[in-house]
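Read through the structure below, which is laid out as structure tokens, and then see the notes.
Each reported figure results from applying straightforward, stated rules to the coordinates on display, with no laboratory input. What you are looking at is a predicted structure, and each value in this text was computed from that prediction instead of being measured. Virtual Cβ from ideal backbone geometry, glycine too; neighbours counted across all protein chains shown.
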Amino acid sequence: DALVCLQKVSRVYGRGEAAAVALDEASLVIGRRSWVAIVGPSGHGKSTLLHLMGGLDRSTSGEIHLDGEELSRLSARRLAAVRARKIGFVFQFFNLLPHLTALENVQTALWFGGYASVQARRKGLDLLDQVGLADRADRLPGQLSGGQQQRVAIARALANDPDLLLLDEPTGNLDSVAEADVLDRLGTLHRQGRTLVMVTHSSAVASRAERIVGVRDGRIDSDATAEQTLLQC
Ligand code: ADP
Ligand code: ADP
């Protein structure tokens, strides 16, 4: 069963002489409950692919289906609603709000999901507990290690119970101990049935996924699975 389906998706930045083709008719099907790593050299379109899949950016041409909806047909408002309900994002530099505690950072996403504040506190603590940080709820990001900050970001990404987690270099800013910890958490989320798509430069990190998709010059140039041919959009 496909969760995400890209059909001949291109993304061109700029126009005329300055036009740059970041993605060039890339096609990719991602199954529900799978864990996919996207690898490839810097500047070859990996982040662009992830952003398009998550509705953070619009394609120049081609179709992107997420859970049966074609993203290019959606208004900005509908796209934002789909993003909020169905997708969790995790970035390399955590993107936590520095003046809010770990709990408050998670709660910002819950408020967006319409939680009343007493419920938000309980749910926020539950999410922090899932990443092993319930006892750090009142710390500011600056009082947490890099690995702990990324776990807070993961808890925040889970706030609206998304089907799909999109991670852009989630361990790119972590030492090897913190990296192993974050990867273990991702493994748990995968076993719980989440769909994970992560961009990484590291082949060690990629090897933790069950499928490795290579991107080069804006094209899918390798795919270590037969899934691509088995799954239908
Ligand atoms: P990767 O994630 O593999 O490093 P990106 O998807 O970030 O690659 O970028 C692919 C190409 O598109 C690069 O040449 C990059 O410079 C270009 N690019 C990405 N975002 C923009 C943008 N907002 N405006 C112009 N060019 C961009
Ligand atoms: P990554 O570390 O994921 O490869 P980058 O540092 O390449 O990310 O890009 C960070 C942000 O800057 C992204 O949102 C990307 O779209 C944008 N960007 C990348 N390249 C360019 C570019 N040549 N011109 C404008 N924006 C760019």
Task: Residues located in segment 149-184, provided they are more than 14 Å from the chain's Cα centre (by Cα) and among the charged types (D, E, K, R) - done: D175, E179, D181, D184
- [ ] Please identify the pairs in which a residue from segment 8-26 that is under 14 Å from S47 (Cβ atoms) has its Cβ atom under 9 Å from the Cβ atom of a residue that is surrounded by fewer than 15 Cβ atoms within 10 Å (Cβ to Cβ) and basic (K, R), counting only partners at least 6 apart or on another chain.
- [x] R11/R58; A26/K8
- [ ] Check segment 38-55 and report whether any residue there is away from ligand 1 (no atom under 16 Å from the Cβ) and either more than 18 Å from the chain's Cα centre (by Cα) or under 25 Å from L183 (Cβ atoms) (or both).
- [x] no
Task: First in segment 59-88 and among the basic types (K, R), second anywhere and assigned to a strand (DSSP E or B), Cβ under 8 Å, 6 or more apart - done: K86/L66; K86/L164
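Quick test for you: out of A155, A204, A159, A120, pick the one residue that is outside any helix (DSSP H, G or I) and either within 16 Å of ligand 1 (Cβ to nearest atom) or small (G, A, S) (or both).
A159
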TODO: Tell me which of these G88 doesn't satisfy, since it passes every other one: (1) within 16 Å of ligand 2 (Cβ to nearest atom); (2) buried (at least 19 other Cβ atoms within 10 Å of the Cβ); (3) within 16 Å of the chain's Cα centre (by Cα); (4) not aromatic (F, W, Y).
DONE: (1)
- [ ] Would you check which residues across segment 8-31 are of a type outside the set (A, V, I, L, M, F, W, C) and either within 15 Å of ligand 1 (Cβ to nearest atom) or closer than 22 Å to M198 by Cβ (or both) and list them?
- [x] S10, R11, Y13, G14, R15, G16, E17, D24, E25, S27, G31
TODO: Tally the residues that are within 10 Å of ligand 2 (Cβ to nearest atom) and not small (G, A, S), restricting the search to segment 43-62.
DONE: 7
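Let's see how each residue does on (1) under 24 Å from A84 (Cβ atoms); (2) of a type in the set (A, V, I, L, M):
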| residue | (1), (2) |
| --- | --- |
| Y13 | no, no |
| S27 | no, no |
| G31 | yes, no |
| A37 | no, yes |
| S42 | no, no |
| E69 | yes, no |
Task: P170 under 23 Å from E104 (Cβ atoms) and in contact with a strand residue (DSSP E or B) (Cβ under 6 Å, 6 or more places away or on another chain) - done: yes
Open item on the list: With the requirement that a residue be assigned to a helix (DSSP H, G or I) and touching a Leu at 6+ places or on another chain (Cβ under 7 Å), what does segment 131-152 give you?
Closed with: A134, R136, P141, G146, G147, Q148, Q149, Q150, R151, V152
TODO: Give segment 164-185 a look and list any residue that's surrounded by 18 or more Cβ atoms within 10 Å (Cβ to Cβ) and either within 16 Å of ligand 2 (Cβ to nearest atom) or within 21 Å of D67 (Cβ to Cβ) (or both), or say none.
DONE: L164, L165, L166, L167, D168, E169, P170, T171, L174
TODO: Please indicate, with yes or no, whether at least one residue in segment 29-42 is away from ligand 2 (no atom under 16 Å from the Cβ) and out of contact with any strand residue (DSSP E or B) (no Cβ under 8 Å at 6 or more places or on another chain).
DONE: no
